[in-house]
Structures are given as C-alpha cells and as structure tokens.
Amino acid sequence: MENHPDRADYDDVLRKILQQQVHLKHAVFAENDVVSCEFYGFDEKESAMAEAALLDVGALEVVVE
C-alpha cells in the first residue's frame, strides 16, 4: 500500500469502506464479465481516496460517478 500524505484521512476512508454492507453483483465492463459493488456517502476528496484504496488492494478498475 502506498504511503499517502493524508494518512489519517485515508485511514478514515478505509474504515468507511469496511463499515458498509457490500452487495456484489455481476456486470459487464468493456465486454468482460466483472464483479461490481457500489459504495455511497463519500465526498469528492473521500471518493478519490476510496478509488486509490481500492486500486491499492488490487481492483482492476474503479468507476466514480
């Protein structure tokens, strides 16, 4: 995992991700079968940190909407 300058904020985002109930579902992305899940309640900064966290742990793609 990368060393993030806002480590305390980053850790808060990780906790927020882990506290959510994860609902996985099948999806198709770029013509490939994938596993999809959605997270809610993140502001713009937290959303960017959540994206980085998910990529750090091996997500192949993160779509932020």
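The values are calculated or read from the model by the stated rules, or taken from the named source; none is laboratory data. Small disclaimer: the values here were computed from a predicted structure and weren't measured. Note that we place each Cβ from the backbone using ideal geometry, even for glycine, and neighbour counts take in every protein chain shown. Please note that ligands, DNA and RNA were not included when accessible areas were found on the heavy atoms of the full protein model with its side chains. Shrake-Rupley method; radii C 1.70, N 1.55, O 1.52, S 1.80 Å.
Report the accessible area of Leu54, computed with a 1.4 Å probe over the heavy atoms of all protein chains in place, in Å² rounded to the nearest 10.
Estimated to the nearest 10 Å², Leu54 gives 50 Å².
Scattering from the C-alpha atoms of the chain alone, worked out with Debye: what is log10 I(q)/I(0) at q = 0.19, 0.20 1/Å?
Log10 I(q)/I(0), no solvent term: -0.77, -0.84.
I want to check the label-to-label distance for Gln19 and Ala48. Put each point 7 Å from Cα in the C-beta direction and report it in nm to one decimal.
A separation of 2.3 nm, rounded to one decimal place.
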